[in-house]
1. Mind checking segment 1-106 for chymotrypsin sites (Phe, Trp or Tyr not before Pro) that DSSP puts in a loop (not H, G, I, E or B) and that have at most 12 other Cβ atoms within 10 Å?
2. Could you give the Stokes-Einstein D for segment 20-77 in µm² per second, using the C-alpha Kirkwood radius, 25 °C, 0.890 mPa s?
3. Over the Cα atoms of segment 38-129, each weighted equally, I'd like the Debye log10 I(q)/I(0) at q = 0.18, 0.22 Å⁻¹, rounded to two decimals.
4. Once you treat every alpha carbon in segment 49-91 as an equal point and sum by Debye, what is log10 I(q)/I(0) at q = 0.25, 0.27, 0.28 Å⁻¹?
5. Where does helix 30-40 land angle-wise versus the long Cα axis of the chain, in degrees 0 to 90, nearest 10?
6. Taking the beta-carbon count within 10 Å as an exposure proxy, list R123, R154 from fewest neighbours to most.
7. Mind checking the dipole of segment 66-207: about its Cα centre, +1 per Lys or Arg Cβ, -1 per Asp or Glu Cβ, Debye to the nearest 20?
8. So, by mean Cβ neighbours within 10 angstrom, what's the order for 171-181, 96-106, 157-167 with the highest one leading?
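Just so it is clear, none of the values below were taken in a lab; they were calculated from the coordinates. On a predicted model such as this, the values are computed, not experimentally measured, just so you know. In this analysis, Cβ positions are derived from the backbone assuming ideal geometry, glycine residues included, and neighbour counts consider all displayed protein chains.
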Amino acid sequence: MEPSDKVLEIHGRLCAVYHCPIGYFHALDPLSELVSSLLSHRTRNADSGAAFKALRARFPDWADVAAAPTTAVEDAIGGVTWPEQKAPRIQAILRAIEAERGVLDLDFLGGLPVDEARAWLERLPGVGPKTSAAVLSFSTLRRPALPVDSHHHRVAIRTGLIPPSLAVGPSHRVLAAQLPADWDAQKIYDNHEILMLHGQRCCFYRKPACGRCPLLDLCPAGQKLHGGVSCPAPP
Ligand code: SF4
C-alpha cells in the first residue's frame, strides 16, 4: 500500500472509532492558547488547565504577567511540571511579543500563510513545531496545522508511517506532508486527535492492545507482537 493510501485508510478507520469530526476542546485566542500550550508540556491536562485558570485569576491581563515578579508567576502556576522553568519562559515570550509587535496580541497570525505563521512563532524562545501547530490549530484561528504529541508519534512509528529514527520535532513536517493538500483545518485537527486518542486508549507505550486494534492488518509492529516478538518502543 502506498503511504498516502495507508494514511487515508488509518484516518478512516480511526475516525469511525473516535467519531470524527471531533469537537475542539479550546476556544482560546492565539496568545492564550500559546500560554496554555507552554503550561501543558509534560503536565496532565487537568493540572495545566487549573494552572492556566489560576494565572488568569491572579493576572487578568497578559501585560501584568510579563511585568510581574517571576516568583509570583511561578507561584500561580505551581501545579504544572517545572514551574520554575515555565514562569520565566512565559514571561520572556510575552516580552518578546510585545517588543516585536507593540501589543500582546497574536490575532495577526490569522492573516499569514500557515508556514509563515509557524515560522514566526518558532522564533520565540522555547517554541517548537508542536507548540506552533497547537497555537494555530487549537486556538480560535482554527488554521490547518498538524501538532504531533508523543502518542501520535508512537502510533505513527508503529504503523510504519514514519521510521523509528525520526524524532517528534522533524516528524511534524513528514506527517503533515502525507495528508491531502486540500484537507481543511477540521480534518487535520481530527487526524491529530484520532492518532493521539489511539495512543492513549489502545496503542499503549508498554503493552499495546493489538488484539482489539482496528489497524492490526496495516501495522508491522502489531503483527510482530502477535507473532511473539515484542512491540518496539519508540526512541
Ligand atoms: S496493532 Fe498494536 S502496535 Fe499497531 S497501532 Fe494497533 S495497538 Fe499499536
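1. Numbers: sites: Y18, Y24, F25, F52, W62; in loops: Y24, F25.
Sites meeting the loop and neighbour criteria: F25.
2. Details: Rh = 12.2 Å.
Translational D for this selection: 201 µm²/s.
3. -0.85, -1.16
4. Listed by q, the Debye log ratios stand at -0.78, -0.92, -0.99.
5. Tilt relative to the chain: about 70 degrees.
6. Working: R123 10, R154 24.
Taking fewest neighbouring Cβ atoms as first place, the list is R123, R154.
7. On the way: 16 positive and 15 negative charges, 135 e Å.
Using Cβ point charges on Lys, Arg, Asp and Glu, segment 66-207 gives about 640 debye.
8. Working: 171-181: 15.9, 96-106: 14.1, 157-167: 17.5.
So the order, starting with the most tightly packed, is 157-167, 171-181, 96-106.
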